[in-house]
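K.L.:
This is the structure I want to talk about, given as structure tokens.
Every number in this text was worked out from the coordinates using simple rules, so none of it is lab data. Because the structure is a prediction, the values reported are computed rather than measured. Here the Cβ positions follow ideal geometry from the backbone for every residue, glycine too, while neighbour counts run over all protein chains shown.
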Amino acid sequence: MAARSLGGTRMDHGTHTERPAIGVVGLGMTGLPLAGAFRDAGRRVLGFEADPARRAAVEAGDGDALGVPAERWFGPSGAQRSDGRGSFDVATDLERVAECEALFLCLPTPLDADGAPDLSAIESAAHGLAPHLAPNALVVLCSTTWPGTTEQRLVPWLHEAGPRRLGRDLCVAYSPEREDPGSGRRTRELPRLVGGMDAVSLERARAVLAEALDTVHPVESCATAESAKLLENVFRAVNIALVNEFKQVLDAQGIDVWPVVRAAATKPYGFMPFEPGPGLGGHCIPVDPEYLTWAARRAGVPATLVELALDVNRDLPRRVVSKLSQALDLRGSQLEGARVLVLGAAYKPGVADTRESPGLRIMELCESAGARTDYADPWVPRLDGDVPHALSGRRSIDLATADVADYDAVVLAVHHPGVDLAPVAASARLIVDTRDGFRGFDLPPERLVRA
């Protein structure tokens, strides 16, 4: 059976005298770091991945192709641990599920074409794993989803291979991921919630997670943990919409919002600063509020505030392009036929993830208005994968060698760490700054527009 060791001690899978393995299903932005945390805790980890290309990238240790820096899952010492503890193998045979005492489902939960939660990856995994589960195995769902998914969907799917008694033949829990790509925070350091389908499941899940994580918070139920994850991200989405609405009101009065946010942040209680920007991106904040609004419609109750926040956030890239168009008009030019350089194709600083990227949406809107666009992003050398079709295959320009003065305008969508904006400030004809990245350059208003 095919499996390749990615460092640590190579286990003999013919005779199992060591502890049972930890299984991680879905080797993406959340699964890989969790696998690395268990491996660094000295556990034998088996990774299961349905996508052959991603599986090959994991086996090759290609962090760039995966969008997850290798140190997040190999550990700070690289692939080979100096103490020889722990291992991480990629398994291709589902029969090896039987080697695992616990399996963590770290799978995508996007929205379908109608805006409803798409749980097909979880359903497929549950059906594939169920026949091979060891007696009294623990299954922990980690994907963001609507409250009730674990009880109403996952447990019945696992039972389709044969009924099992919860807490005796099968333990099931929910523990939402809290990864923060680009922040430098390691998975072990991130506090984790966990809820169980019963008391035994909760304690099993808490104990296993505590091996790899510094802090684990047990909560009343799976639904409590599912709801808390949604609250965390809806809170952010609503407050991001608020600060951007506030910015729009202040802009109309000629007031700069950034010093206002910094001033308000001096209050030591009752306030948390959020920064305005060109829009939401990534796999969480743009999508997770949609799960709450879907659940609200399903329950027959309104979620008016969240719906309004979603509308505001969706409109932010259009507002940026509108500011760009107005600025060009005031300078005797127009967006149609203009050359526009967008700085930042990733959705946030320090990552290569382009999902829901506001920078790419700005490029789309500019091109639909007749402009020609390029982008510069050292983290995203080529636009592949989950990007707009019209932009697929494009390559980043090298900002260090590009003649920025050839562009009619430059839009700062993301300011990556280590990217020097001084050459842009020195030569760009017009800068549309959505991130307050050019504040220290003392540029005249005819060359700098805050959006």
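K.L.:
Taking N as the number of residues in the stretch 139-233, what is its alpha-carbon radius of gyration divided by 2.2 N^0.38 Å? Write out the running numbers ahead of the final one.
P.N.:
Values: Rg = 13.4 Å, N = 95, 2.2 N^0.38 = 12.4 Å.
The stretch 139-233 yields a ratio of 1.08.
K.L.:
Could you calculate the contour length gain from Asp112 to Leu330, that is, 0.36 nm times the residue separation minus the distance between their Cα atoms, to one decimal place in nm? Please report the intermediate quantities before stating the final value.
P.N.:
Details: separation 218, 0.36 × 218 = 78.48 nm, distance 4.16 nm.
Here the segment from Asp112 to Leu330 would lengthen by 74.3 nm.
K.L.:
While we're here: Amide H neighbours of Ala409 under 5 Å, at least 5 residues apart or on other chains, H built in the peptide plane: list them.
P.N.:
Amide H neighbours of Ala409, under 5 Å, 5+ apart: Arg339, Leu341.
K.L.:
Also, I was wondering about something else. Kindly rank 256-266, 315-325 from highest to lowest mean number of other beta carbons found within 10 Å of each residue. Don't skip to the answer; put the middle values down first.
P.N.:
Numbers: 256-266: 13.3, 315-325: 20.8.
Result, highest mean first: 315-325, 256-266.
K.L.:
Show me, for the stretch 398-405, the HN-Hα J-couplings you get by feeding each phi into the Karplus relation (A = 6.51, B = -1.76, C = 1.60, θ = phi - 60°), rounded to Hz, glycine and proline as x.
P.N.:
8, 4, 5, 10, 6, 8, 4, 5
K.L.:
Also, I was wondering about something else. What are the ³J(HN,Hα) values, in whole Hz, obtained from phi via the Karplus relation 6.51 cos²θ - 1.76 cosθ + 1.60 with θ = phi - 60°, for each residue of the stretch 19-26 in sequence order, with x given for Gly and Pro?
P.N.:
Here the 3J(HN,Hα) series is 4, x, 7, 9, x, 10, 9, x Hz.
K.L.:
Could you state the orientation-averaged shadow area of the convex hull built on the Cα atoms of the stretch 295-345, in nm² to one decimal?
P.N.:
Here the figure is 5.7 nm², rounded to one decimal.
K.L.:
Sorted by packing (mean other beta-carbon atoms within 10 Å per residue), highest first, where do 185-198, 336-349, 155-168, 32-45 land?
P.N.:
Numbers: 185-198: 19.7, 336-349: 22.2, 155-168: 14.5, 32-45: 25.1.
In decreasing order of mean packing, 185-198, 336-349, 155-168, 32-45 become 32-45, 336-349, 185-198, 155-168.
K.L.:
If amide H atoms are built 1.01 Å from N in the plane of the peptide, which residues on other chains or at least 5 residues away come under 5 Å of the amide H of Ser221?
P.N.:
Gly196
K.L.:
Another question about this same structure. When only Cα pairs under 8 Å and 6 or more residues apart are kept, what is the percent relative contact order across the chain?
P.N.:
Averaging sequence separation for qualifying contacts and normalising by length gives 10 percent for the chain.
K.L.:
Provide the percentage of antiparallel DSSP beta bridges, counting only those with both residues in the chain; round to the nearest 5.
P.N.:
15 percent
K.L.:
Calculate the FRET efficiency for Thr92 and Ser392 from the Cβ-Cβ distance with a Förster distance of 35 Å, rounded to the nearest 0.05.
P.N.:
0.75
K.L.:
Further question on the same structure: Hey, what's the Kirkwood Rh for the chain if you take every pair of different alpha carbons, in angstrom?
P.N.:
Details: mean 1/r = 0.0422 Å⁻¹.
The answer is 23.7 Å.
K.L.:
Moving on to the next point. Can you tell me the mean projection area, over all orientations, of the convex hull of the stretch 237-450's alpha carbons? Units nm², please.
P.N.:
13.2 nm²
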